[in-house]
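Worksheet: one structure, shown below.
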Amino acid sequence: GGGGGGGVLQRLRAAAARSSELGRRRAVISRAGAPGEMAPPRGRQPGGGRRLLAGEFGKRVLVSVSAEIAVVSAGQTTECVRGCRTPIGGGRTADFALSGFGALTVDTVTVRVGGTPAAVRTASGSTVVVELPPWGEGGEVFVEISTPEGVALAVVEYVEPPRVASARFNGAGTRINVPFTEETSVRDPPPGCGEVLDAASLEGLGASPSCLWPDKGTLQVLLGVGATVLPGHELRLHADANLRTADFVSDPAGQAPFVVLPPTVSAPPEIVMEGPEAIGSCDTATVTASATAARPLVYTWGCDGCSAEAAALLADATARGARAVEIPGDLVGGGNKVVAWAEARSFLNFTSSRAHLTVAVFDLPPPILLVDLPPSPRYGPDELFLAAKAEFSKCASSRSAVSFKWRVGPWGGPVTDANQVA
């Protein structure tokens, strides 16, 4: 251009010398002015214009970097004035206002968007309307507008549709939290699960799941009764969900599958074992294990230092998935005891701590005492109401009145309204 080939080359070298990082950088060289640079748009890495030596398996290899160069004309500018945010799918038009140019016509204007030719729809006065081509990713992209009089640059922003950033169970396993990469165009009132997720995804969410939107960028799926979805399962958005960016600029979000992840933090089940602590050799102890959970738990039974017969009995309860087991007193023998234990595993694969219950067997046993505990979790300072029941052993040759004595231990707190039941 003006100034001669040597002057252009000198300016190119000056601009490239200021590019010191790997990547791509656009150096803007004025035909009739001093060399200059334009900062790269968002989404483009700065840099370029130098060679680096890098090590690869102990060898030195040459890494070459290229730079894009645009020669623009001093005093001639353009900027996008309408449609400057556009979906990455392209197909929409943008208006550009030019300054410093003469009369414009479709035949004399050439437009390239990020190096890709773009169709000029109209060109009149100082305005050019361009149909923007598709672009592979979101971010700002240079638009180069050329006429026989000169070249000017503007910027448009390509907008990606909102995507599912993650999908993760909450700690209790009752809900799946689905944040998006940005706020969506979800309507108010928000659609139900049947309009957001496809039919295959709904099958694992249980009966009558609920879909809530605490904000426009977060979906919460409350699971229904009988839900079967597990960590590692894939879900998809409904084909007609039509979720776009909040300003409706982007294309609709697609149906790319997203994987449900386990919770980052989860409390294991808290298991409680109930049953008599003493029976006769003629009796059977019914021991139950229970815990509060979003879905049925898997129970594992065992005993510490017990006989092979008792161990086999508890192993059978584990194989059956039972949450209660009956231990015959004659299997343990009078004067002996069995220390039974149980664990509970949730569908999220969290296992409770081991709960124990010791059952002693007597030839002449005391009354068999059972205490009904309120369901867990139990929180203070609310009052707890307990009910006790005593039964005579089948080994007892005689029966007499039974009295109850209550004590809260080990701290010895007060007990009120403790009825003595005979």
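The values are calculated or read from the model by the stated rules, or taken from the named source; none is laboratory data. Computed from a predicted model, the values in this text were never measured in an experiment. Here the Cβ is made from the backbone with ideal geometry for all residues, glycine too, and neighbour counts use every protein chain on show. Calculation scope for accessible area: heavy atoms of the full protein, side chains included, ligands and nucleic acids excluded. Shrake-Rupley method; radii C 1.70, N 1.55, O 1.52, S 1.80 Å.
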Length gained, Val298-Glu326, 0.36 nm per residue minus C-alpha separation, equals 8.3 nm
With DNA, RNA and ligands ignored, accessible area of Leu357 (1.4 Å probe; Å², nearest 10) = 20 Å²
Can you pull the percent of the stretch 215-358's accessible area that's carbon plus sulfur, 1.4 Å probe, other chains left in place?
-> 52 percent
Taking the highest mean first, how do the peptides 266-278, 112-124 order by number of other beta carbon atoms within 10 angstrom per residue?
-> 266-278, 112-124
Sorting Arg244, Arg92 by accessible area (1.4 Å probe), largest first, what list results?
-> Arg92, Arg244
Qualifying aspartates and glutamates (Cα of each under 20 Å from Cα of Lys216; at least 8 residues distant if same chain) | Glu160, Glu182, Glu183, Asp188, Glu195, Asp198, Asp240, Asp247, Asp251
Neighbourhood charge, 15 Å Cβ-Cβ cut-off, centred on Arg187 and excluding it, Lys, Arg +1 and Asp, Glu -1 = -4
Averaged per residue, what accessible area in Å² does the stretch 203-261 show with a 1.4 Å probe, protein chains only?
-> 50 Å²
Which net charge results for the neighbourhood of Thr78, defined as the other residues with beta-carbon distances under 11 angstrom from its beta-carbon, given Lys and Arg at +1 and Asp and Glu at -1?
-> -3
Which FRET efficiency value, to the nearest 0.05, do you get for Asp372 and Ala246 by plugging their Cβ-Cβ distance into 1/(1 + (r/R0)^6) with R0 = 45 Å?
-> 0.25
Shape call for the stretch 219-278 from the C-alpha gyration tensor, a ≥ b ≥ c root eigenvalues: rounded (a/c under 1.5), prolate (a/b greater than b/c) or oblate?
-> prolate
Label-point separation in nm, Thr127 to Ala103, each point 7 Å along Cα→Cβ | 1.8 nm
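If you roll a 1.4 angstrom probe over the protein chains with everything in place, what fraction of the accessible area of the stretch 96-213 belongs to carbon and sulfur, to the nearest %?
On the way: 2480 of 5050 Å².
For the stretch 96-213, the apolar C and S fraction of the accessible surface comes to 49 percent.
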Summing Lys, Arg as +1 and Asp, Glu as -1, what charge do residues with Cβ under 13 Å from the Cβ of Ala172 carry, Ala172 excluded?
-> +2
Straight-line reach from Lys394: which aspartates and glutamates have a Cα under 19 Å away, not including same-chain ones fewer than 8 places off?
-> Glu277, Asp283, Glu326, Asp330, Asp363
